[in-house]
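The values are calculated or read from the model by the stated rules, or taken from the named source; none is laboratory data. Quick caveat, the model's predicted, so the values are computed rather than measured. With ideal geometry, Cβ positions are generated from the backbone for all residues, glycine too; neighbour counts draw on all protein chains shown. Just the protein is used for accessible areas: all its heavy atoms, side chains included, with ligands, DNA and RNA removed. Shrake-Rupley method; radii C 1.70, N 1.55, O 1.52, S 1.80 Å.
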Amino acid sequence: MGKTAGKPIRCRAAVCRAAGEALVMEEIEVAPPKAYEVRIKILCTSLCHTDVTFRKMPSSPISIFPRIFGHEAVGVVESVGENVTDVKEGDTVVPVFLANCEDCRDCKSKKSNMCTSFPFSGTPGMPRDGPGTSRFTDSNGEILHNFLGVSSFSEYTVMDVAYVVKICPEIPVDKACLLSCGVSTGVGAAWKVADVEAGSTVAIFGLVAVGLAVAEGARIRGASKIIGVDVNPEKFDIGKKLGVTDFVNPKECGDKSVSEVIKEITDGGADYCFECIGLASLMNDAFTSCRDGWGKTIVLGVEMHGAPLSINTYELLRGKRIEGSLFGGIKAKTDIPLLAQSYLNKELHLDEFITHEINFEDINTAFDLLSQGKSLRCIIWMNK
């Protein structure tokens, strides 16, 4: 890797040229890292619902094409720019979409996982250079836009060091990949946002990977009931392996609402409800299903239609709370290494989340599997 430091690298990338189109494998050029940047050789990546959503999104300030998607991955540092001290060539790292500079007021506070220095934005661009900037160019020298500051659907990528987390090399790379986004979001929401305690009751709306990661986090914390709500009965078997104790299929509730069923199971409402899909109606169902007095609803899904959330203020006055969470409250540089160690200690389950594995050139298959509800996480190997 030392032979390529400071020089452009030509490699393969899966490029999306226009909204809704399949990804196309192209040879691109990846520029060397500038100051405070890291160039990473991606070992494997996986597909998240956010990639699917943005691929379909019509043109807007946050939806610009051509673009290289992907934000859940693991890799090895190929080279670093000036002023980078956190990582060095050869380190195993996971990229994250939410900055953790460790120096700003928010990063130093236990109250938030936001970063004042680099606020979250879906707009393409390098954090220190501004919107529209990129380290990727195609074979014609035209800019290829990045995605959430990561763009892991490329054999090499360049990221700001505030978004790069060093982890122990002992953890298998396919398991480390899961900690880059989905699993960390769900487990973090259960541990850091809700702070689920032993004996409490939990209801999870949407048994996608993030929802099942919430279940895993609640299981480790000792929740007495973990209720999974989903219209896909195939999710129930995997749910059992990750701690789900009860299942509610909204299509099979008869004359009762989902909230009525959950209140019966929990004797009055769940202590903690999590919405993991991104539908305002489901967020409302979750809020209705939590317990009067202290019930807490955590919203993890981005509303897919941009619809506003309307809730009954009388229920708020009865002591219920609702809170949003980005990346499950995780402070990447301190919490992700702890999650990796938890897996190595055989506490945190990760293997069950991997349902498929494919080669990089077959990446469009991963989109099909996820869109059809057939996969949780599909590991995409760059070179295997």
Whole-Hz couplings from phi, Karplus 6.51/-1.76/1.60, listed for segment 117-125; x for Gly and Pro: 5, 9, x, 4, 8, x, 6, x, x
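FRET efficiency for residue 4 and residue 253, Cβ-Cβ distance as r, R0 = 51 Å, nearest 0.05?
Working: r = 58 Å, r/R0 = 1.14.
Taking R0 as 51 Å, the efficiency between residue 4 and residue 253 is 0.30.
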Rounded to whole Hz, the Karplus (6.51, -1.76, 1.60) HN-Hα couplings of segment 372-384, x for glycine and proline: 8, x, 9, 9, 9, 10, 10, 7, 10, 8, 6, 9, 9
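Segment 59-191: Rg/Rh from Cα coordinates, Kirkwood Rh? All intermediate terms of the calculation are to be shown ahead of the outcome.
Working: Rg = 15.0 Å, Rh = 15.7 Å.
We get a ratio of 0.96 for segment 59-191.
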Distance between modelled label sites at residue 57 and residue 318, nm, 7 Å Cα→Cβ extension: 3.6 nm
List 315, 21, 29, ordered by accessible area with a 1.4 Å probe, largest first: 21, 29, 315
Residue 204 long-range amide H proximity, modeled H, under 5 Å: 227, 228, 229, 274
Point-to-point label distance, residue 309-residue 31, nm (Cα→Cβ direction, 7 Å offset): 3.9 nm
Alpha carbon Rg of segment 157-277, scaled by the compact-globule rule 2.2 N^0.38 Å: 1.18
Whole-Å semi-axes of segment 244-384's equivalent ellipsoid (Cα gyration tensor): 33, 20, 16
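Per 0.36 nm of contour for each residue apart, how much would the distance between residue 108 and residue 21 grow if the chain were fully extended, relative to their Cα-Cα spacing? Could you put the intermediate results ahead of the total?
Values: separation 87, 0.36 × 87 = 31.32 nm, distance 4.15 nm.
Separation in residues times 0.36 nm, less the Cα-Cα distance, equals 27.2 nm.
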Mean residue ellipticity (222 nm) of the chain, computed from DSSP H runs ≥ 4 via -39,500 (n - 2.57), nearest 500: -6500 deg cm²/dmol
Translational diffusion of segment 73-120, µm² s⁻¹ [Kirkwood Rh, Cα pairs; Stokes-Einstein; 10 °C; 1.306 mPa s]: 130 µm²/s
Relative contact order computed over the chain (Cα-Cα under 8 Å; 6+ residues apart), in percent: 16 percent
Total charge dipole magnitude, the chain, about the Cα centre, Cβ charges on Lys, Arg, Asp, Glu only, Debye to nearest 20: 620 debye
Stretch gain in nm, segment residue 170-residue 302, where the contour uses 0.36 nm per residue and the Cα spacing is subtracted: 44.2 nm
Net charge of neighbours whose Cβ lies under 14 Å from the Cβ of residue 22, counting Lys and Arg as +1 and Asp and Glu as -1: -2
